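The next block holds one structure in the form of structure tokens; read it before the comments.
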Amino acid sequence: MLSVILATVLALQGVPASNEALTQLHIPPTPEQVLAIPEELQRDFLDKVVNPTRSPEQRLGRLSNFMFDEDGLGLKYMPDATYTLTEAYGKRQVNCLSFTLMFVVLARKAGLKAYAQQIDRVLAWGTTGDTVIQSMHANAVVTFDGRKFMADIAADELSTPVANFQVDDEQLLALFYSNRAMELLTTGHVREAQAWIDVALLHSPDDATLLNNSGVLSHRRGDVAAAETSYLRALVENPKLTSAYSNLIALYRAKGDLAEAAAWQQRAEKILRKDPYYQFSLGRQQERSGEYAKAVSLYRRATRINDDEPLFHFGLARAYYQLGQSRRAGLELIQARNLSGKVDRIRYQAKLNALSLLNR
């Protein structure tokens, strides 16, 4: 049976790293190199943001403008831009994690109290081969005078924090290294990715998500025993981590240990049945095995739990099409298109156009 492996990154949408980015991803930098402020950036920052006579609120406002405005850094969002401060400054591109790193470092440089937070829920999903990427989110919080302000690459203005899942500096660095490991994984650079996840675990050895990602890499390298150990450790640290359950069950099935797979399936059933993304991953397995009716059932279950995920509707469209149900496939493609961002919306519309031509 084909298995879908779940891995996690911090970005709004998971996509493979570009070839240009890969040249910078192979050797993990030191933490000092990750957080180093380039001299030119420091001069510009001191000139436009830092002034001892300005109040904390004025410095925070100027910092926010500096990050977003075209006469400052004019940072643009790119989902695979897990960059050091130097790289982000040079490219003027960030994802949510590299934006958070930069904002926290510069806020502290401006004499403000700042920390990172990780939003503890999946915001987007993507697929690369048989890997499902769970994309989560991070942003920065600044506090002064008993007030809190949130800075987020998804918004161009400060706001009140909608959550408070603070992560310390070590954890933030761990997430940086893990993100790059997963970017390398999605482009097939498994050996290089291992070096990055190893560094991530040095900074946060008991983080369940990082342990799960480490298991994914071990599985990719063919080290089943190491993958099993990582998944089991992840579940000790977080008994509700659905991705680790999914990966462990898939591992046991792949090695033919059906009794162990069944035992873990039973243990995880209550959790996994409520997880639409796990249902999606099962549907993907059935679809790839040619079991399109079973895939439809699983994709429909995923949409009943979360009807706002375009990937689920796209999966349904593919399965319906394979079953010869073009009208239903078209309706699901429309739903996927309507729920998607601009780039994916164009892609789904193209598929709708092709389907219409076939049905003439």
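Assuming R0 = 25 Å, what is the FRET efficiency of Glu269 and Thr229, from their Cβ-Cβ distance, to the nearest 0.05? Please report the intermediate quantities before stating the final value.
On the way: r = 23 Å, r/R0 = 0.93.
E between Glu269 and Thr229, to the nearest 0.05, is 0.60.
Working with all protein chains in place, sort Ile305, Ile249, Ile27, Ile271 by solvent-accessible area computed with a 1.4 Å probe, largest first. Before the final figure, lay out the partial values.
On the way: Ile305 75, Ile249 0, Ile27 135, Ile271 55 Å².
In descending accessible area the options line up as Ile27, Ile305, Ile271, Ile249.
So what's region 216-280 giving for Rg/Rh, alpha carbon basis, Kirkwood Rh from the mean inverse pair distance?
Values: Rg = 11.2 Å, Rh = 11.8 Å.
Across region 216-280, the Cα-based Rg/Rh ratio is 0.95.
Hey, how many Å between the Cα centroid of region 270-322 and the Cα centroid of region 170-240?
26
What list of ³J(HN,Hα) values in whole Hz, one per residue of region 213-230 in order, does the Karplus curve 6.51 cos²θ - 1.76 cosθ + 1.60 (θ = phi - 60°) give from phi, with Gly and Pro shown as x?
Coupling constants for region 213-230: 4, 4, x, 4, 5, 4, 4, 4, 7, x, 8, 5, 5, 5, 5, 4, 4, 5 Hz.
Can you list the residues, at least 5 places off or on another chain, whose amide H is less than 5 Å from the amide H of Leu323, using H built in the peptide plane?
Those lying under 5 Å, H to H, from Leu323: there are none.
Between Thr143 and Glu237, 0.36 nm times their residue separation minus their Cα-Cα distance comes to what? Mind dumping the intermediate values first?
Numbers: separation 94, 0.36 × 94 = 33.84 nm, distance 3.01 nm.
Taking 0.36 nm per residue and subtracting the Cα distance, the gain is 30.8 nm.
Quick one: if the Förster radius is 41 Å, what FRET efficiency do Asp257 and Glu32 give, using the C-beta to C-beta distance and rounding to 0.05?
Details: r = 45 Å, r/R0 = 1.09.
It comes to 0.40.
Ranked from the most accessible area to the least, with a 1.4 Å probe and all protein chains present, what is the order of Lys109, Lys48, Lys240? If you can, show how the numbers build up before the last one.
Working: Lys109 105, Lys48 70, Lys240 155 Å².
Solvent-accessible surface, decreasing: Lys240, Lys109, Lys48.
The values are calculated or read from the model by the stated rules, or taken from the named source; none is laboratory data. Owing to the predicted nature of the structure, the values given are computational and were not obtained by experimental measurement. Note: ideal-geometry Cβ built from the backbone for every residue, glycine included; neighbour counts use all protein chains shown. All accessible areas refer to the heavy atoms of the entire protein, side chains included, with ligands and DNA or RNA removed. Shrake-Rupley method; radii C 1.70, N 1.55, O 1.52, S 1.80 Å.
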